[in-house]
Every structure is written in C-alpha cells, then in structure tokens.
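The structure appears below as structure tokens.
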Amino acid sequence: MDNKIVIFDTTLRDGEQSPGASLNIFEKLEIARQLVRLNVDVIEAGFPVSSPAQFEAVKRIADESPAVIAALARAKEADIKAAAEALKSAQKPRIHTFSSTSDIHILGKFGDEKYGKTLQEKRNTVIKMSYDAVAYAKTFVQDVEYSAEDAGRTDIGYLSEVVEAAIEAGATTVNIPDTTGYTFPEEFGKIIGELRRRVKNIDKAIISVHCHNDLGLAVANTLSALTNGARQVECAVNGIGERAGNASLEEIVMAIKVRKDLCGFYTGINSPEIFNTSRMVSGFTGLVIQPNKAIVGENAFAHESGIHQDGMLKNKQTYEIITPELVGVNKTRIVLGRHSGRHGLESRLKELGYNSKGEELQAVYEKFLALADKKKEIFDEDLRVLMGDKVRKEEEYFELVSLQVQSGTTAIPTATVGIKTGEEILQESAIGDGPVDACFNAIERALNIKPEVEAYHVRSVTSGRQAMGEAIIRLRCNEKSFTGRGISTDIIEASARAFLQAANQEYLYLKKLSPIEGEEELSVA
Ligand code: KIV
Ligand code: ZN
C-alpha cells in the first residue's frame with residue numbers, strides 16, 4: 001500500500017459553513033490559488049446546487065485551477081447535474097456525492113413512507129440512492145467520490161454494504177465521515193480496519209476520512225484512520241468548519257511530517273506555505289486563530305519561561321519539534337514605509353500569497369500610502385489586513401463616509417454617522433453605553449435594522465502605539481450570521497466599519513442569493 005496521503009481541502013466548502021464565515025467569489029479565488037501553492041491534491045470548491053453564488057464560485061475555480069476540483073452534490077440528479085455543469089471546464093473534475101447512512105439520520109431525514117415503511121426498507125432505499133447517484137455522476141466524470149454521512153454512528157455491517165454498492169457503481173474514493181465528531185480514535189480506526197476486511201471490492205477505491213472536531217478529536221481520529229488504511233484526509237485550513245470545525249490541515253500535515261519515523265506517511269504539501277495560507281483564510285473569513293493553536297497560533301513558536309528560553313539558547317531541539325521556517329513563519333520582519341514603491345509592495349504581497357495587479361494593485365497601493373501616513377512602519381500583518389479589507393470591498397452597498405464620536409468619563413457617549421448608499425447619504429445620531437455602542441446604534445437607525453450582536457472582538461494587528469486595530473463582528477439577522485471586519489488606527493472607526501460590512505453582507509445575501517427551486521440555501525455538515 002502506498003504511503004502517500006491525499007490531502008483533500010474542504011476550506012471553501014465545509015470550512016465556509018463556519019457560522020458567519022461566508023466568502024465572496026474574489027476571496028474564494030484567492031484562497032484557491034493559495035491552496036495550489038500549498039500543493040493540496042484536491043480542492044473542494046463548493047456545493048453548486050445550493051445557490052447561484054456557490055455555482056459561480058465552483059465554476060470560476062474550475063476554470064483556472066490545475067488541482068483536482070471537487071463539487072459537492074446530494075444523492076439527487078439535480079445536484080449532480082449542477083455539480084457536473086459547474087465542473088465542466090475543470091482539468092481534473094471530481095463529483096462528490098453523499099447520502100446519510102446512520103439510523104438516526106435515516107429515520108430523521110427519510111421519515112416519509114415513500115422511502116420505505118420499516119427501517120430496513122429505508123436502509124435499502126439509501127443503498128439504491130447511493131448506487132444510482134454514483135452511477136449517474138459517472139456519466140459525467142471518471143473521478144467520483146461517495147460519502148456515507150454520519151458513518152461514525154452507522155452500523156458497521158450496513159456501512160459495509162453501502163460502501164460496497166458505491167464502489168460497484170464506480171466510486172473511486174469512498175469517504176467515511178465522522179460527521180458529528182462522536183468517535184474516539186481507536187474506535188474510528190477500527191471502523192476503517194473493519195471496512196477493509198468486510199468490503200470485498202475495497203481495493204478498487206481509496207478510503208478517505210472526514211472528521212469533525214466536536215470532542216476535539218478530529219486530528220487524532222484522522223491519524224488513527226490512516227494507520228488503519230485510509231489514504232485520503234479531508235481537512236480545512238485552521239480547522240474551520242461546521243460547529244467545532246473540521247480536522248485541521250496544518251496539524252495533520254505536520255504530524256505526518258514530524259513523526260514520519262513512526263507512521264511512514266508523506267504528503268505533497270509545500271509546508272512553508274502553511275502560514276501564509278492560514279493567515280489568508282483567517283483574514284478573509286474573519287475567524288480569528290486562537291493564540292495557542294498548534295502550528296499557526298501566535299504563540300506556537302514563542303518560548304516564555306526562563307527555563308525554556310535558556311534551553312532554546314543552548315540547543316533549539318530542547319523545546320522545538322518544528323522549526324518556524326518549516327511552516328513559513330518568518331521571524332525576520334520585513335518592514336515597508338511611505339517611501340516604498342509600488343513594486344516593493346507588489347513583490348511583498350506576492351510573497352505573502354496575494355496576486356494584486358493593475359487597477360487592484362493601484363487601489364491597494366493608495367490604501368497602503370494612506371496607512372503609511374498614519375504609521376511609520378508597515379508590517380506583514382498590516383498588509384494582510386489591508387488585503388482582507390480590499391477584497392471584501394468589491395461588493396459594497398454601504399460606505400462609511402463620516403463618523404463623529406463624543407465620549408468621556410462624564411459625557412453621554414454619542415455618535416453621528418454618515419453612510420453612503422447609492423447616491424444617497426444617510427445620516428443618524430444615537431447615544432449608547434459607550435462610544436462603540438453609540439456607533440452601532442446610529443448605524444442601526446440609519447439602515448433601519450436591529451441585528452443581534454453574536455460576537456465582537458477588537459485586537460491590534462501589529463505591536464506598538466501605532467498598531468492598526470482590527471474589529472471583527474458577527475451579526476445575527478433572520479436566523480443567519482454575517483461577519484464584518486473593519487480596520488483602522490482608530491478602534492472605534494474599525495468597529496463601525498466592521499458593523500457596516502456585516503450589514504453589507506446581509507444585504508448582499510438577501511439581494512443576490514435567491515434560492516434555487518424554492519429551497520432555502522442548503523448547507524451540510
Ligand atoms: O461532515 C460530513 O459528513 C460532510 C459530508 C458532506 C462529507 O461534510
Ligand atoms: Zn463535514
């Protein structure tokens with residue numbers, strides 16, 4: 001058995017399903033290009049039938065990417081057709097179709113009698129649906145992946161039957177998801193081992209795993225599956241995804257690399273691109289990386305205690321199992337300033353993974369100069385923040401044109417905002433508990449909205465007095481979350497911009513994402 005592990009990245013599909021993390025098409029394209037530099041084997045670009053925006057994103061990524069591009073489809077003809085259509089121009093298309101297999105899911109989702117009266121009849125229907133879906137997908141592409149949703153809680157005998165049927169219908173990869181992140185590593189590894197023993201045609205397909213992190217075990221479960229014979233892992237950058245997320249790409253890749261002595265596996269990942277990829281995904285999704293996150297957290301290579309620092313000075317191997325350079329963390333800080341030219345900016349952006357050219361580069365350059373006027377030194381983190389801000393702004397319906405705030409220990413915090421929308425300027429004032437709350441209240445009045453603030457973070461993205469402040473906010477409007485991000489050297493302005501951007505996301509969603517065939521926009525685990 002070959003020990004190469006296929007890395008199937010689902011940042012743009014399952015990852016994008018993280019609450020509030022919706023990405024626009026420009027951001028998806030930038031991330032897909034960066035995933036190519038990272039050298040992942042498969043990019044799952046989206047779920048085409050779920051909305052016109054998803055369809056378009058998969059299509060645009062398929063048009064230009066040399067990687068295998070996967071598109072998700074339920075075991076339904078309309079879904080598979082949409083996936084095939086979106087993948088038409090892909091050099092290496094893959095249709096990824098799935099059906100639920102656990103009794104809990106079958107009884108919950110296929111309760112209607114048309115699927116059968118008894119559990120056994122319903123199970124038989126699912127086998128037939130799965131077989132038919134794979135066979136139908138095969139009429140469009142050679143490379144078909146089948147997933148048994150909630151396999152982690154599926155009876156092993158029945159799971160073996162479903163997997164066998166999918167392979168018989170032509171599946172080239174069979175994916176075993178622990179959809180709810182329920183299993184323990186040994187237990188999950190055993191499922192893979194059992195499938196290899198029970199499914200008679202198993203050698204005709206690659207076994208893949210897709211582990212969720214509800215108990216914090218996604219990476220451990222994935223590694224256990226590999227030692228039991230799985231050879232594809234589905235994972236997401238920074239471990240983002242539904243609920244507690246997916247197995248983290250960087251953790252799996254580095255575990256395999258650092259402990260090759262133990263497992264003997266290898267991947268094709270270009271590990272020095274890990275850090276850039278991680279920061280790009282965090283910047284565009286607005287999902288902040290916890291400081292102690294393995295591999296990519298701010299503290300992953302920081303040594304705080306005296307004993308550790310002393311050990312590191314004597315011999316780095318005392319406390320360091322991965323060098324920062326191996327994952328692209330550059331300790332020498334390259335600084336740009338107001339005298340840096342456009343070329344200098346362009347080449348540094350390129351090194352950070354961004355491809356700005358022409359008009360777009362000019363727009364970034366102008367922002368860069370405006371920032372350089374406010375702060376002397378511009379660091380990589382500033383540039384990443386500028387890029388995140390720029391790409392999102394391509395689709396802006398509300399623009400903050402003025403902001404005035406009064407606050408102090410004795411004054412009642414008051415804010416006045418001016419918001420441009422089309423030709424109109426909306427102006428409103430409001431008071432609040434503090435200056436930020438007053439800003440939010442004024443924006444709500446101007447736009448006539450009343451969202452719930454689900455999450456709000458402010459942080460400085462670089463160090464020192466002139467640090468840029470980044471505000472990230474998640475608003476809940478009509479049962480859906482929208483993330484906004486604002487940057488400024490003034491954190492109140494950054495917060496107002498973040499609020500407005502989230503409101504903008506909602507507006508875009510309502511305006512553009514008209515559901516298909518009367519269905520709500522779909523998402524799966
Ligand atoms: O978690 C899951 O089961 C999924 C499938 C669609 C692969 O995301
Ligand atoms: Zn999933």
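All of the numbers you see were taken from the coordinates with simple rules; none came from a lab. Owing to the predicted nature of the structure, the values given are computational and were not obtained by experimental measurement. When we count neighbours, we look across all protein chains shown, and the Cβ atoms used for this are built from the backbone with ideal geometry, even at glycine.
Once backbone amide H atoms are built at 1.01 Å from N, Glu149 has Ser99, Ser100, Thr101 as its partners under 5 Å, excluding neighbours fewer than 5 places away on the same chain. Loop-resident chymotrypsin sites (Phe, Trp or Tyr not before Pro) (DSSP state other than H, G, I, E or B) in the stretch 110-165 with no more than 15 further Cβ atoms inside 10 Å of their Cβ are absent. May I ask you to list the trypsin sites (Lys or Arg not before Pro) in the stretch 451-497 that are in a DSSP loop and have at most 14 other Cβ atoms within 10 Å of their Cβ? Here the sparse-neighbourhood loop sites are Arg465.
Under the simplified labelling scheme, the Ser305-Glu351 pair shows an inter-label distance of 3.5 nm, with each label point 7 Å from Cα along Cα→Cβ. On a per residue basis, the convex hull of the C-alpha atoms belonging to the chain measures out at 166 Å³.
Which links in Lys59/Lys81; Lys4/Lys316; Lys28/Lys59; Lys92/Lys200; Lys257/Lys316 stretch past 20 Å when you go from one Cα to the other? Cα-Cα > 20 Å for Lys4/Lys316; Lys92/Lys200; rest within. Please determine, in degrees from 0 to 90 and to the nearest 10, the orientation of helix 435-447 with respect to the longest principal axis defined by the Cα atoms of the chain, where the helix direction is its Cα long axis. Value to nearest ten degrees: 70. Dividing the mean sequence gap of close Cα pairs (under 8 Å, 6+ apart) by how many residues the chain holds gives a relative contact order of 12 percent.
Collect residues whose amide H, placed 1.01 Å from N in the peptide plane, falls under 5 Å from the amide H of Ala247; neighbours closer than 5 in sequence don't count. Amide H to amide H, under 5 Å and 5 or more residues apart or across chains, Ala247 pairs with Cys211, Ala236. Residues of the stretch 159-189 with an amide N closer than 13 Å to a point placed 7 Å from the Cα of Ile104 along the Cα-to-Cβ direction: 178-184. Using R0 = 22 Å, the C-beta based FRET efficiency linking Thr125 and Lys204 works out to 0.35.
Compared with the dominant principal axis of the Cα atoms in the chain, helix 274-285 is inclined by about 70°. Once each part is reduced to its C-alpha centroid, what is the distance from the stretch 339-404 to the stretch 234-253 in angstrom? Comparing the Cα centres of the stretch 339-404 and the stretch 234-253, I get a distance of 28 Å. Using alpha carbons only, the radius of gyration of the stretch 6-285 set against its Kirkwood radius gives Rg/Rh = 0.95. With a simple spin-label model that places each label point 7 Å from the Cα along the Cα-to-Cβ direction, the separation between Lys88 and Asp433 comes to 5.3 nm.
Counting each pair of different Cα atoms once, what's the Kirkwood radius of the stretch 394-511 in Å, rounded to one decimal?
Averaging 1/r across every pair of different Cα atoms and inverting gives 14.3 Å.
The Glu359 and Gln290 beta-carbon pair, evaluated with R₀ = 41 Å, returns a calculated FRET efficiency of approximately 0.65. Here the label points at Ala135 and Tyr456, each 7 Å from Cα along the C-beta direction, are separated by 5.7 nm in the simple model.
Averaging sequence separations of C-alpha pairs under 8 Å and six or more residues apart, then dividing by the length of the stretch 399-454, give the relative contact order as a whole percent.
Relative contact order, the stretch 399-454: 28 percent.
Treating r as the C-beta distance of His339 and Glu187 and R0 as 45 Å, the FRET efficiency rounds to 0.15.
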